[in-house]
Amino acid sequence: MSFHAAPPPRWRKSTRCGASNTCVEVAGHDDGIVSVRDGAADDTCLDFARGEWRRFVAAVRRGVFDLH
């Protein structure tokens with residue numbers, strides 16, 4: 001019997017973040033889950049189904065959460 005652990009997530013952050021650690025980081029997983037964490041406190045994360053994440057990103061792009 002052999003056991004193969006899932007590879008660790010590859011966290012990404014916006015290029016606009018620069019060298020700062022105060023950005024949100026995102027990682028996609030093979031099982032369709034998208035994890036989001038605070039780059040400054042990387043000990044916890046939120047997990048979303050890929051469809052949920054896509055709908056959230058689309059809403060951000062439409063300005064749904066902009067303060068007017």
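Laid out as a table, the results:
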read-out	value
Unpartnered cysteines - no second Cys beta carbon under 4.7 Å - across the chain	CYS45
Size of electric dipole in the chain: Cβ of Lys, Arg +1 and of Asp, Glu -1, about Cα centre, debye, nearest 20	400 debye
Translational diffusion coefficient (Stokes-Einstein; Kirkwood radius from C-alpha pairs) of the chain at 20 °C, 1.002 mPa s, in µm²/s	156 µm²/s
Cβ-defined net charge surrounding VAL36, 9 Å radius [Lys, Arg +1; Asp, Glu -1]	-2
Helix 50-62 vs. the chain, principal-axis angle (Cα, 0 to 90°, nearest 10)	20 degrees
Relative contact order [Cα under 8 Å, 6+ residues apart], the chain, whole percent	19 percent
Approximate spin-label separation VAL64-SER35, in nm, with each point projected 7 Å along Cα-to-Cβ	2.5 nm
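Taken together, the values in this text are just the output of simple stated rules run on the coordinates, not laboratory data. Remember, it's a predicted structure, so these values are computed and weren't measured experimentally. We place every Cβ from the backbone using ideal geometry, glycine too, and count neighbours over all the protein chains shown.
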